[in-house]
Amino acid sequence: MAEPGCAGRIHLGPADAFGDRALVPVTVGRRSLLLVRDGERIVATERACPHEGADLSLGRCGGGRLHCPRHLASFNLRDGSVSPGWSFRPLRLFAVEVAPDGLWLTLG
Ligand code: FES
């Protein structure tokens, strides 16, 4: 789905790549990322949970949060912050643009 590359603006594929799914794993260069659709908004996150590395593509998304399937911490999809009671780092987020020619990821 993704073109090779690890920095800059990267074309991910057609805007309808989600089908009826909310979570779509993608590989960009050597990074395993997760595309997350929350309502009309799409964002990319790292795929491994920053707590103990669970695969967040097996979690669920709702109400502006991504929920980890292992210990059920959740992450704010605006700033990556973790739910109260946890003390590990925020989830890394990456901007996704929905353009007429498809989805574009920006890696800083
Ligand atoms: S591995 Fe995700 S909350 Fe523990």
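Write out, first by first residue and then by second, each pair whose Cβ atoms fall under 7 Å of each other, whose residues are 6+ apart or on separate chains, and whose first residue, in the range 66-79, is farther than 10 Å from residue 54 by Cα while the second is more than 8 Å from the ligand (Cβ to nearest atom) and at pLDDT below 95.
Pairs found: 77/38.
Please verify whether residue 12 is within 14 Å of the chain's Cα centre (by Cα), among the aliphatic types (A, V, I, L, M) and at pLDDT 95 or above, treating the condition exactly as stated.
no
Quick one: in the range 83-96, of everything that is of a type outside the set (Ser, Thr, Tyr) and without any contact (Cβ under 8 Å) to a residue 24 or more places away in the chain, which residue is farthest from residue 42 (Cα to Cα)? First the steps, then the outcome.
As a first pass, look at the range 83-96 and keep what is of a type outside the set (Ser, Thr, Tyr): 84-86, 88-96.
Now drop any that are not without any contact (Cβ under 8 Å) to a residue 24 or more places away in the chain, which leaves 84-85.
Numbers: 84: 24, 85: 27 Å.
Top of the filtered list is 85.
Given the conditions (1) without any contact (Cβ under 8 Å) to a residue 12 or more places away in the chain; (2) within 16 Å of the ligand (Cβ to nearest atom); (3) of a type in the set (D, E, K, R), and given that residue 40 satisfies all but one, which numbered condition is not satisfied?
(2)
Select from the range 48-76 the residues that are surrounded by 21 or more Cβ atoms within 10 Å (Cβ to Cβ) and assigned to a loop (DSSP other than H, G, I, E, B) and write down the one among them that is farthest from the ligand (Cβ to nearest atom).
Only one residue fits best here, namely 59.
Looking at 47, 9 in this structure, which one is touching a residue at least 60 places away in the same chain (Cβ under 8 Å), among the charged types (D, E, K, R) and in contact with an Asp or Glu (Cβ under 9 Å, 6 or more places away or on another chain)?
Among 47, 9, only 9 is touching a residue at least 60 places away in the same chain (Cβ under 8 Å), among the charged types (D, E, K, R) and in contact with an Asp or Glu (Cβ under 9 Å, 6 or more places away or on another chain).
For the range 17-37, which residues satisfy the criterion of being assigned to a loop (DSSP other than H, G, I, E, B), in contact with a Gly (Cβ under 9 Å, 6 or more places away or on another chain) and without any contact (Cβ under 8 Å) to a residue 60 or more places away in the chain?
22, 29
The values are calculated or read from the model by the stated rules, or taken from the named source; none is laboratory data. Here the structure is a predicted model, which means the values were calculated and not measured. Methodologically, a virtual Cβ is constructed for each residue, glycine included, from the backbone with ideal geometry; neighbour enumeration extends over all protein chains shown.
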